[in-house]
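Remarks on the structure that follows.
The values are calculated or read from the model by the stated rules, or taken from the named source; none is laboratory data. All of these numbers come straight from a predicted model, not from anything done at the bench. Cβ coordinates were reconstructed from backbone atoms using ideal geometry, including for glycine residues, and neighbour counts include every protein chain displayed. Protein only, heavy atoms only, side chains kept; ligands, DNA and RNA dropped before computing areas. Shrake-Rupley method; radii C 1.70, N 1.55, O 1.52, S 1.80 Å.
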Amino acid sequence: RYYKVGYEHQWFYPLSQTFTLMLRGDVGVGDGMSGKPLPFFKNYYAGGVSSVRGYNTSSLGPRDPADDSIVGGNRRLVGNAELLFPMPGMGSDRSVRLGAFVDGGQVFAPDDKIALSDLRYAAGLSLAWNSPIGPLKFSVAKPLNAKSDDRIQRLQFTLGQIF
């Protein structure tokens, strides 16, 4: 028995005919009930194209000290800000767009104190295309405050759902 509570909000604000600001926040917390921990397979994860670009998928947060594997945590905090604009030379075609973004986030273990200084940040450029085979998203990111043991992935690609 356990509980998980989360909130995600995405907001698009048109700055002009061609520029749109997208802000996204995602917070979550969970724990076991009756003195038991949150089941390990229900842990939160962060990192990757759907949360903090520039870091490997699900690589942020607590690790097992025995083998350095990612174990996730019971609390997650992620924020994204992206300036969206059309691809130059595409005219009025809205199926392709570019973006400049800053992402930040982290996952915390039950005993960890949540501190903004522990968040990992990255900045970069994205290209989104609503292709005939489905939505494609490419991101090139530079982690801004990576630690020596963070797993970096500067170029990321996804086919399917775009957050």
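Which ones in the range 21-75 are under 28 Å from PHE101 (Cα atoms), part of a loop (DSSP other than H, G, I, E, B) and without any contact (Cβ under 8 Å) to a residue 40 or more places away in the chain?
Of everything in the range 21-75, those that are under 28 Å from PHE101 (Cα atoms), part of a loop (DSSP other than H, G, I, E, B) and without any contact (Cβ under 8 Å) to a residue 40 or more places away in the chain turn out to be SER58, VAL71, GLY72.
Within the range 13-29, track down each residue that is open to solvent by 60 Å² or more (accessible area, probe 1.4 Å) and over 13 Å from the mean Cα position of the chain (by Cα).
Listed by number, the residues that qualify are TYR13, PRO14, LEU15, GLN17, THR18, PHE19.
Could you tell me which numbered condition LYS42 fails, if it satisfies all but one of (1) touching a Lys or Arg at 6+ places or on another chain (Cβ under 9 Å); (2) buried (at least 19 other Cβ atoms within 10 Å of the Cβ)?
So LYS42 meets the others, but not (2).
Within the bounds of the range 31-54, is there any residue that is at pLDDT 95 or above, of a type in the set (D, E, K, R) and touching a Leu at 6+ places or on another chain (Cβ under 8 Å)?
No, that holds for no residue.
Considering only residues that are modelled with pLDDT under 95 and either aromatic (Phe, Trp, Tyr) or under 22 Å from LEU77 (Cβ atoms) (or both), which ones fall in the range 120-137?
Residue satisfying the conditions is TRP129 alone.
Any residue in the range 132-152 that is of a type in the set (Val, Ile, Thr) sitting within a Cβ distance under 6 Å of a residue that is exposed (fewer than 12 other Cβ atoms within 10 Å of the Cβ)? List the pairs, counting only those 6 or more apart or interchain.
These pairs meet every condition: VAL140/LEU155.
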